[in-house]
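Here the structure is laid out as structure tokens; the discussion comes afterwards.
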Amino acid sequence: MTTNDKDLSGRRPRSAVAGAAYVEGASHHPWRRYVALGDSFTEGVGDPDPRSPGGVRGWADRAAEELSIGHEEFAYANLAVRGLLLEQILERQIGPALALEPDLITLSAGGNDMVFHSSDPDKLADRLDAGVELLSSAGATLVLFTGPDWGSTPFLGRNRTKVAVFNENIRAIASRHDAVIADLWGIRELRNPRMWDQDRLHLSPLGHHAVALMVLDTLGVPHRLRPLEPGAVPPRNWQQARAGDLVWARRYLLPWAWHRLRKRAAMDEPRAKRPTAAPPATSAPVTGFVVHSFRQ
């Protein structure tokens with residue numbers, strides 16, 4: 001759904017109306033407090049920055065930095081925690097999010113369920129619908145994410161059909177609850193390996209930049225971010241591709257699987273990097289990429 005789309009009732013989403021007004025000449029965008037919910041995607045894993053809380057930046061931080069420019073009272077909280085499943089995100093983050101009284105909320109959840117637990121996308125959507133209904137009670141602009149197209153990605157590509165089904169459910173949920181869709185599936189640049197971290201599970205800094213730009217465009221907010229081309233992918237024959245897959249599995253997939261199987265003490269559970277709403281840092285460079293993250 002874009003800022004010009006209407007839902008099934010013929011109404012334009014709250015954020016689409018507000019964003020369009022801003023583009024057409026209003027002096028400020030309408031949001032003063034933004035809260036991000038989700039897992040590692042929203043936390044910013046894959047976009048290292050020692051100046052940022054938790055040592056990672058990510059698309060949500062990048063978007064918040066742009067939203068804060070010229071808005072001294074703007075505040076931002078990021079409750080996302082890596083590794084969480086959809087049910088955990090809803091149970092642990094909705095209450096704290098509503099307590100912060102946001103007028104802008106982003107929610108991305110369900111990816112870990114489908115990729116690592118082979119969960120049924122329709123059942124996930126039913127649970128997501130209930131969570132979105134709670135969030136919508138705040139009257140805030142609510143942004144939901146479709147999943148990316150992993151069709152050309154080894155291991156993750158096997159979930160492409162499930163992601164597509166889940167995406168259609170998300171679009172229906174957004175329509176029912178007057179939410180806005182941030183369409184990851186539609187970002188063609190994400191098909192380039194350089195948009196992804198070397199672990200192939202998380203976005204690279206370049207990928208996080210692309211998502212931040214898309215979210216701001218979806219909201220109709222003018223910003224400083226510019227599209228960046230990751231460059232052509234060097235051709236590889238099948239032997240090189242297979243060798244690269246084996247190295248990836250040994251370096252990233254097997255350690256990840258072992259880590260997931262281990263029982264971790266509660267004190268070791270990661271916590272949200274920005275649990276309270278505060279002004280985001282705006283001194284970081286617009287791109288701020290780590291070059292070595294682009295290598296295959």
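The values are calculated or read from the model by the stated rules, or taken from the named source; none is laboratory data. All values derive from a computational prediction rather than experimental measurement. Note that we place each Cβ from the backbone using ideal geometry, even for glycine, and neighbour counts take in every protein chain shown. Heads up: the accessible areas ignore ligands, DNA and RNA and are worked out on the full protein's heavy atoms, side chains in. Shrake-Rupley method; radii C 1.70, N 1.55, O 1.52, S 1.80 Å.
Computed values, structure above
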item: Residue match in the range 87-108 (condition: touching a His at 6+ places or on another chain (Cβ under 8 Å) and either open to solvent by less than 10 Å² (accessible area, probe 1.4 Å) or in contact (Cβ under 8 Å) with a residue 24 or more places away in the chain (or both)); result: no
item: Residues of the range 167-189 satisfying the condition of being open to solvent by 10 Å² or more (accessible area, probe 1.4 Å) and assigned to a helix (DSSP H, G or I); result: Glu168, Asn169, Arg171, Ala172, Ser175, Arg176, Arg188, Glu189
item: Filtered residues of the range 56-99 (kept if β-branched (Val, Ile, Thr) and touching a helix residue (DSSP H, G or I) at 6+ places or on another chain (Cβ under 7 Å)); result: Val56, Val81, Ile94
item: Residue count for the range 50-83, restricted to those that are open to solvent by 10 Å² or more (accessible area, probe 1.4 Å), out of contact with any strand residue (DSSP E or B) (no Cβ under 6 Å at 6 or more places or on another chain) and either basic (Lys, Arg) or part of a loop (DSSP other than H, G, I, E, B) (or both); result: 11
item: Residue match in the range 93-106 (condition: touching a strand residue (DSSP E or B) at 6+ places or on another chain (Cβ under 8 Å), more than 23 Å from Ile187 (Cα to Cα), assigned to a helix (DSSP H, G or I) and not hydrophobic (A, V, I, L, M, F, W, C)); result: yes
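To keep it simple, each residue is scored yes or no on (1) at pLDDT 70 or above; (2) touching a strand residue (DSSP E or B) at 6+ places or on another chain (Cβ under 8 Å); (3) exposed (fewer than 15 other Cβ atoms within 10 Å of the Cβ); (4) not charged (D, E, K, R).
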residue	(1), (2), (3), (4)
Asp197	yes, yes, no, no
Val211	yes, yes, no, yes
Met214	yes, yes, no, yes
Leu219	yes, yes, no, yes
Arg224	yes, no, yes, no
Pro234	no, no, yes, yes
